[in-house]
1. Yes or no: region B:43-57 includes at least one residue that is part of a helix (DSSP H, G or I) and exposed (fewer than 11 other Cβ atoms within 10 Å of the Cβ).
2. From the list A:197, A:186, A:177, exactly one residue is open to solvent by less than 20 Å² (accessible area, probe 1.4 Å) and without any contact (Cβ under 8 Å) to a residue 60 or more places away in the chain. Which is it?
3. Name the residues in region A:1-43 that are within 16 Å of ligand 2 (Cβ to nearest atom) and out of contact with any Phe, Trp or Tyr (no Cβ under 9 Å at 6 or more places or on another chain), would you?
4. Looking at B:85, B:121 in this structure, which one is touching a residue at least 60 places away in the same chain (Cβ under 8 Å) and open to solvent by 40 Å² or more (accessible area, probe 1.4 Å)?
5. Would you pick out the residues in region B:253-270 that are touching a helix residue (DSSP H, G or I) at 6+ places or on another chain (Cβ under 6 Å), open to solvent by less than 60 Å² (accessible area, probe 1.4 Å) and either modelled with pLDDT of 85 or more or within 14 Å of chain A (Cβ to nearest Cβ) (or both)?
6. Which is at pLDDT 90 or above and within 24 Å of the chain's Cα centre (by Cα), of B:174, B:203?
7. Which one of these does residue A:102 not meet: (1) within 14 Å of another protein chain (Cβ to nearest Cβ); (2) modelled with pLDDT under 95?
8. Hey, among the residues in region A:161-174 that are closer than 18 Å to residue A:44 by Cβ and open to solvent by less than 20 Å² (accessible area, probe 1.4 Å), which one's nearest to ligand 1 (Cβ to nearest atom)?
Amino acid sequence: MNAMTAKLVVEGLCHHYPDEYTGESVHALEDINLELYEGELVSVVGPSGCGKSTLLNILAGLLPYKVGKASVDGKVIEGPGPDRGVVFQEHAILPWRTVSRNIGHGLEIRGLPKEEISRRVQEYVDLVGLSGFEDKYPHELSGGMKQRCAVARTLCADPIVMLMDEPFAAVDAQTRITLQEELNRIALATKKTILFITHSVDEAAFLADRCLVFSARPGRLKQIVTVDIPREKRIWENMNADAEFIRCRDEILRLVREEVSVAIEE
Amino acid sequence: MQSKSKGPSLAWRFQRLLQIDAMNLVILIIGVYIVWSIISALIDNPARYLPSPIAVALSSVDMLYKGLLPSYFGDTLMRLISGSIIGLAVGIPFGLVLGINRTVADMFHPIMNFFQSVSGIAIFPIVVIWWGNSDKTIFAVILYTAFFPIAFNVLSGVREIPIRYISAARTLGASRFQVIKDVLLPGAMPHIATGSRLSIGFAWRAVIAGEMLAGQQGLGWMIFTGQDADRTAEVVLGMMLIGVTWIILDHYLLRPFEADTIERWGLVQR
Ligand SMILES: Nc1ncnc2c1ncn2[C@@H]1O[C@H](COP(=O)(O)OP(=O)(O)O)[C@@H](O)[C@H]1O
Ligand SMILES: [Mg+2]
């Protein structure tokens, strides 16, 4: 029963950012509990500033936390590690490495033999559709291609959980739609466990098996919306006529709207 | 966007460079030669105040013949090369290590900025007080001069590397050493190139100044004693050699290295 194995578990996680000047602190996250099951794509939506990136940085091991517990495969998160791969919002592929050397970076760090690396790099170059661009440098790529490269880099390192922080927010609308469909295809093909953060309701509903809606700051888990659409059927062309998609999207939209108005009233 | 790898070959670019340079150079040399000859012909006692180009050429032949010129020139170059290499070899890792920790980097940044701005010549007197007029003094000043600009530039370079590059490497499982090797070092490369050029340029000035103030041989020594002994042709010859050597070094070695590193990764928008 692999389907019910929790790969990522978060229990009672809180976070405060200290403010050295005023002595007050920013309450970013409050009592977060969540579980990510194997092969599941969970999206997190919430108003801007509700602590989504904070959650992701804690899970990535980049931000130390004091209250609560977070673990991957039973191992408590204490710092960054290759068991959690991250795709950042901004282009974080290294400008001095070619596409293939960026994609193979994780394996290189692990010290795998060259032939093994190039074989696996080629696999992911093909998967994300970057064939022919292997020897290009990032500045020679479009925004969408850079993010494909970033996704391939994370996948190639074969993490247990993939963490994505608004990875498609910086590309144009047309490219974003293509990237969303590609990620859906990749999720289907690789069965990766993915936590996908976004502020776009459409994106959250399109990609998620389950969508976690966060409240305005301090971020709390407000509600979970389950999106019951087989991945094979998830193509934007079909979605506008898909009753389940429309129901989920409208539900998420309603929940997020409530929180945005709360944030405005404050 | 044009691909860099399909651009003109290095050999082709070098040839192009030579052609353009050759043209400009010939015009420049002829121009300088004419103006210089005229001035020299118009003044009284040119041998003392400004010997003609031909007189300078003759003195260089004379010094070549005596073996003094190659020996002085060799001494000066050796000082530059050894001082620069050691300065860079120590300065680059030093800047990198200081840059790793943001708090340490912020703390050291003004200190390094202070030292890189106090020129080698300004520290000469104190070093002479410590070690007298010696090779040790000259070498210490060259080393000092080469060290701080590169260390400061590398430190600045590391500080400017976006944190997300470091985070990305760490989430791929990179160790501290791997972060230095794969992110900090290549990320600071444009600054390393610029810093090296600055360091070597300042070191070149320091070599000459050092030899003038504390030397027993070298080009700096040659122009200094030339003045004492009324051998103006030697002074002019020395000055010319200093300038020409730098131009050659800078134009054919340091500048191409700097431009190539900065351009290759598209770190600077063209
Ligand atoms: N390094 C930090 N120091 C202090 N406050 C921060 C820091 N990072 C984020 N915050 C604050 O914490 C809250 C949550 O931020 P973030 O997690 O980035 O939100 P989101 O990604 O949902 O937009 C915001 O109010 C933000 O201003
Ligand atoms: Mg964010």
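1. Looking for residues that are part of a helix (DSSP H, G or I) and exposed (fewer than 11 other Cβ atoms within 10 Å of the Cβ), one finds none in region B:43-57, hence no.
2. A:186
3. The one that is within 16 Å of ligand 2 (Cβ to nearest atom) and out of contact with any Phe, Trp or Tyr (no Cβ under 9 Å at 6 or more places or on another chain): A:17.
4. None of the other options fit; the residue is B:121.
5. Listed by number, the residues that qualify are B:254, B:261, B:262, B:266.
6. B:203
7. Here residue A:102 clears every test but (2).
8. A:165
The values are calculated or read from the model by the stated rules, or taken from the named source; none is laboratory data. Just so we're clear, the structure is a prediction, and the values are computed from it rather than from any experiment. Ideal geometry is used to build each Cβ from the backbone, glycine not excepted, and the neighbour counts take in all protein chains shown. These accessible areas exclude ligands, DNA and RNA; they are computed on the full protein's heavy atoms, side chains included. Shrake-Rupley method; radii C 1.70, N 1.55, O 1.52, S 1.80 Å.
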